[in-house]
Amino acid sequence: MPWLVLVIIASFFANRSGLPLLPLPEWLSYLACALLAVLGISLLVFGMKACPLRVLGGRDKSVLVTNGAYSYIRHPICLSCILLAFSAAIGFRSAVGLAIAILALIIAYVHASFEERELERRFGRAYCEYKSNIGMFVPKRKSTKTSE
C-alpha cells in the first residue's frame with residue numbers, strides 16, 4: 001500500500017526536521033512500534049499465505065477467499081499495512097506521520113467499502129453471508145448459542 005511508504009518517509013523526515021514529536025517516552029514508542037510491526041508483518045504473511053497470487057494480482061476474480069486470515073477478518077493485508085503505518089509513525093514519534101496514518105486508515109476504510117460493493121455484486125449471497133459473519137478489520141465475536 002502506497003501510504004505505508006509515505007508514512008515512513010514523512011515520519012523519518014519530520015522527526016529529523018524538528019517538527020513536533022508525539023509526547024511519548026522513547027522506550028514506549030519503541031515498544032509500541034515493535035508490537036505493531038510484529039502484528040502487522042504476521043498478518044501480512046498469513047493474509048498472503050491464504051490468498052493465491054493470481055487472486056492478489058487480480059488475474060483470477062472468480063475465487064472468494066475465506067480461509068486462513070480471511071476467516072477472521074475480510075481485509076487482513078490492508079489491515080497489516082495500516083498497522084505498519086502506525087508502527088512507523090509511533091516508532092519515529094512523528095505527529096505528522098501519525099496524522100498521515102490516520103488519514104490512511106480513513107482512506108483504507110473507504111477503499112474497502114467500495115471493494116466490498118464490487119465483491120457483493122460479483123459473489124452475491126456467498127459474499128453477503130461471509131460479510132455478515134466476518135469483521136472488516138476487527139474479528140467479530142462468534143455467538144455461542146446453547147440449545148436446551
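Coordinate-derived values only; no laboratory data. Owing to the predicted nature of the structure, the values given are computational and were not obtained by experimental measurement. Note: ideal-geometry Cβ built from the backbone for every residue, glycine included; neighbour counts use all protein chains shown.
Listed values [x] 11.1; [y] 11.8; [z] 12.4 include one computed from this model; for mean projected area of the Cα convex hull in nm² that value carries the label [x]. Compute the helix-to-body angle for 26-50: its Cα long axis versus the longest principal axis of the chain, expressed 0 to 90° and rounded to tens. Between helix and principal axis, roughly 30 degrees. In this structure, the amide hydrogen of G135, modeled 1.01 Å from its nitrogen in the peptide plane, lies closer than 5 angstrom to those of R74, K140, counting only residues at least 5 positions away or on a different chain. Of all lysines in the structure, the ones whose alpha carbon falls short of 17 Å from that of K140, not counting any fewer than 8 places away in one chain, are K131. Between 0 and 90 degrees, the angle of helix 2-16 with respect to the longest Cα principal axis of the chain falls at about 20 degrees.
In plain terms, the residue of V5, V138 with the fewest other Cβ atoms within 10 Å comes first and the most crowded comes last, giving V138, V5.
Under the criterion of Cα pairs below 8 Å and six or more residues apart, the relative contact order for the chain equals 35 percent. In the chain, the longest principal axis of the Cα atoms and the axis of helix 76-91 are about 10 degrees apart. Grab the DSSP H runs of the chain that are 4 residues or longer, score each as -39,500 (n - 2.57), total them, divide by all residues and round the 222 nm result to the nearest 500 deg cm²/dmol. Computed mean residue ellipticity for the chain: -22000 deg cm²/dmol.
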